[in-house]
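Q: Here's a structure for you.
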Amino acid sequence: MLHFELVTPEKLLRSEEVYQVVVPGTEGDFGVLEGHAPFMSTIRDGNLAIYRADKSEPELVPIKGGFAEVSATGLTVLAEQAG
Amino acid sequence: MASLKALKIRIGSVKSTQKITKAMKMVAAAKLRRAQEAAEAGRPYAERLEKVVASIASKVAVGPSSPKLLAGTGKDQVHLFVVATSDKGLAGAFNTNIARLARRRAGELIAEGKTVKFYTIGKKGRAVLNRLYPNDFIHSIEPGALDKLGFTDARGYADDLIARFEAGEFDVAHLFYSRFKSVLTQEPTEQQIIPVSIPAIAANATGVSASVEYEPDEEEILADLLPRNVGIQLFRAIRENSASEQGSKMTAMDNATRNAGDLIKRLSIQYNRARQAAITTELVEIISGAEAL
């Protein structure tokens, strides 16, 4: 499972284990699964798609402004506004 | 000695003051809890952002082409003091302490021949500094209640600051606010926000692997992150300030309530003495009147 965190300046919105997250990057959407290589991208305004399990219906979370960071510990999305 | 009537009125007025300070203390205590939670909830974002900026900044060579927010203007002449205080008083030495620190630093810089300008957030800081440096204000904001300020407001102030920086109004910006350490201690703090202070960043740069891929490239990400970082630093300062203000207010109002209690006790003793004296005099008058017959 992928450790996923969604943080806004106001608070830590999510911190959970998920299967996959599709992030709207500035240069195109990208999906992050467990074991993704270290990566950093700015994001454009759009929807985060969170897949709790393989082939399950994604949960969409609108986000605005910020960036995503993939490191050994998982995916962290820092958004100015979310939810 | 004051008359009985006057004493009674005095006691009554101190009692109602005590009621007010007690209510204010309880309001501050309730608000403090919320402000403290808010300040703590904002920490993860600020910490992560700092780490990311640090790791990228350590990779990008600082040169003439790098963003001004990172490299600075190359000068160190005009300093801008962003002084964050509150709009309301009755919070003990909260506002005074922040203003005092800013004043001391301003004195040091002016003695070195630098120019200091002020940008205040909050009425109280403005009031104190305006007396000493009436001609050095470039802007002041009166935000009303601190706990109502959201990130969008902070971002707005940051954008304004950055625009002034780009226009060359100042070279270095310092932020003054009160760090919330505990309910009893709040520490006035100075922090350099523009350009981003490198030593603080270098200390944070550890633990990030070198093989990270960036999209778009490092410089573009940095150009996006640096203004964001200024916004978040301001936001954090405002949150900390808000918690500090309530903490300080609570302590101040607790003291005021206790003082009012002491005063009531003293006045009551005085009142009882006066009453007894009056009764004694009356008795003496009656007895001597009766003896004379």
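Q: Output the pairs from A:64/B:75; A:11/B:59; B:88/B:117; B:8/B:31; B:31/B:181 with a Cα-Cα distance over 26 Å in this structure; if there are none, say none. Write out the running numbers ahead of the final one.
A: Values: A:64/B:75 35 Å; A:11/B:59 29 Å; B:88/B:117 23 Å; B:8/B:31 35 Å; B:31/B:181 16 Å.
Distance filter (> 26 Å) returns A:64/B:75; A:11/B:59; B:8/B:31.
Q: Hey, another quick one. How would you rank B:26, B:253, going from fewest to most other Cβ atoms within 10 Å of each one's own Cβ?
A: B:26, B:253
Q: For helix B:94-111, what angle does its Cα long axis make with the longest principal axis of chain B, in degrees from 0 to 90 and rounded to 10?
A: Relative to chain B, helix B:94-111 is tipped by roughly 50 degrees.
Q: Per residue of B:224-235, count partner chain C-beta atoms within 10 Å of its C-beta, then hand back the mean as an integer.
A: Numbers: counts 6, 5, 0, 0, 7, 0, 0, 2, 3, 0, 0, 2.
Mean partner shielding for this stretch: 2.
Q: Would you order A:4, A:30, B:81, B:137 from fewest to most other beta-carbon atoms within 10 Å of each residue's own beta-carbon?
A: B:137, A:30, A:4, B:81
Q: Going by the alpha-carbon gyration tensor, a ≥ b ≥ c the square roots of its eigenvalues, is region B:32-249 rounded (a/c under 1.5) or, if a/c is not under 1.5, prolate (a/b greater than b/c) versus oblate?
A: Oblate is the answer for region B:32-249, as a/c is 1.5 or above yet b/c matches or exceeds a/b.
Q: How much mean residue ellipticity at 222 nm does the protein assembly as shown get from its helices, if each DSSP H run of length 4 or more adds -39500 (n - 2.57) and you divide by all residues, to the nearest 500 deg cm²/dmol?
A: -17000 deg cm²/dmol
Q: A follow-up question, please. Quick one: if the Förster radius is 56 Å, what FRET efficiency do residue B:184 and residue A:33 give, using the C-beta to C-beta distance and rounding to 0.05? Numbers along the way, then the final one.
A: On the way: r = 48 Å, r/R0 = 0.86.
Once rounded, the FRET efficiency stands at 0.70.
Q: Let a ≥ b ≥ c be the square roots of the eigenvalues of the Cα gyration tensor of chain A; is it rounded (a/c under 1.5), or, if not, prolate (a/b larger than b/c) or oblate?
A: rounded
Q: Using 0.36 nm times the number of residues separating residue A:60 and residue A:44, minus their current alpha carbon distance, what extension gain do you get? Intermediate results must be reported in sequence, preceding the final value.
A: Details: separation 16, 0.36 × 16 = 5.76 nm, distance 1.48 nm.
That works out to 4.3 nm of additional length.
Q: Which residues among region B:1-29 fall inside the zone where the amide N is under 20 Å from a point 7 Å beyond the Cα of residue B:283, along Cα→Cβ?
A: Of the residues in region B:1-29, B:4 have backbone N under 20 Å from the label point off residue B:283.
Q: Once phi is turned into ³J(HN,Hα) by the Karplus curve 6.51 cos²θ - 1.76 cosθ + 1.60 with θ = phi - 60°, what whole-Hz value does each residue of region B:134-151 show in order, with x for glycine and proline?
A: These are the phi-based 3J(HN,Hα) values: x, 9, 10, 8, 9, 6, 9, 10, 10, x, x, 6, 5, 6, 8, 6, x, 5 Hz.
Q: On to the next question. Could you work out how much longer the chain between residue B:75 and residue B:275 gets when fully extended? Use 0.36 nm per residue separation minus the Cα distance between them, nm to one decimal. Walk me through the numbers on the way to the answer.
A: Working: separation 200, 0.36 × 200 = 72.00 nm, distance 7.43 nm.
The span from residue B:75 to residue B:275 would gain 64.6 nm if fully extended.
Q: Please give the FRET efficiency for residue A:16 paired with residue B:115, using the beta carbon to beta carbon distance and R0 = 51 Å, rounded to the nearest 0.05.
A: Values: r = 51 Å, r/R0 = 1.00.
The pair residue A:16/residue B:115 has a calculated efficiency of 0.50.
Q: How high is the FRET efficiency from residue A:72 to residue B:218, r the C-beta distance, R0 25 Å, rounded to 0.05? Present the calculation step by step, with values, prior to reporting the outcome.
A: Working: r = 20 Å, r/R0 = 0.78.
FRET efficiency, residue A:72 to residue B:218: 0.80.
Throughout, read-outs are computed from the coordinates displayed, never taken from laboratory work. Remember, predicted model here, so these are calculated numbers, not experimental data. All Cβ positions, glycine included, derive from the backbone under ideal geometry; neighbour counts span all protein chains shown.
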